[in-house]
Amino acid sequence: PLSLEKVSERSGYSKWHLQRMFKKETGHSLGQYIRSRKLTEIAQKLKESNEPILYLAERYGFESQQTLTRTFKNYFDVPPHKYRITSMPGESRYLYPLKHCS
């Protein structure tokens, strides 16, 4: 799963320098961006598939299903199971990948 360490390693910058640059360019913390992207991908998977929530928690690097449920509920205002079975869109909170700007 996407993590600050992996992004830092791949970019060649230290975590601290990368976070400062990201915040300066986007106005958002890199950690929050990564969490929001993971939650967006999980929300999409919940609507598009029947993958178990436990599997999604493991796949996206959450410590447990409970941790994912708490984090997801804080972000989308409903737990993952309810999000999956209702027609609540939630897309307004989706965070799509940033486009590279030169």
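The values are calculated or read from the model by the stated rules, or taken from the named source; none is laboratory data. From a predicted model like this one, the values you see are computed outputs, not experimental measurements. Here Cβ is always computed from backbone atoms with ideal geometry, including for glycine, and neighbour counts include all displayed protein chains.
Annotations
- Across segment 71-81, the qualifying residues are those that are loosely packed, with under 14 Cβ neighbours inside 10 Å and assigned to a helix (DSSP H, G or I), and the one among them that is nearest to the chain's Cα centre (by Cα) is ASN74.
- Selection status of GLU41, within 13 Å of the chain's Cα centre (by Cα) and of a type in the set (Asp, Glu): yes
- The set of residues in segment 1-57 being within 17 Å of PHE72 (Cβ to Cβ) and among the small types (Gly, Ala, Ser) consists of GLY31, SER36, ALA43, SER49, ALA57.
- Cβ separations smaller than 9 Å between residues 6+ apart or across chains give the following pairs from segment 18-42 residues that are more than 22 Å from TYR60 (Cα to Cα) and touching a residue at least 60 places away in the same chain (Cβ under 8 Å) to residues that are of a type in the set (Phe, Trp, Tyr) and buried (at least 18 other Cβ atoms within 10 Å of the Cβ): THR26/TYR33.
- The set of residues in segment 47-57 that are more than 13 Å from the chain's Cα centre (by Cα) and not in a loop (DSSP other than H, G, I, E, B) comprises LYS47, GLU48, ILE53, LEU54, TYR55.
- The listed residue being surrounded by fewer than 17 Cβ atoms within 10 Å (Cβ to Cβ) and out of contact with any Cys (no Cβ under 6 Å at 6 or more places or on another chain), out of GLU41, GLU48: GLU48
- Residue ID - modelled with the lowest pLDDT, chosen from residues in segment 58-100 that are closer than 13 Å to ILE42 by Cβ and of a type in the set (A, V, I, L, M): LEU95
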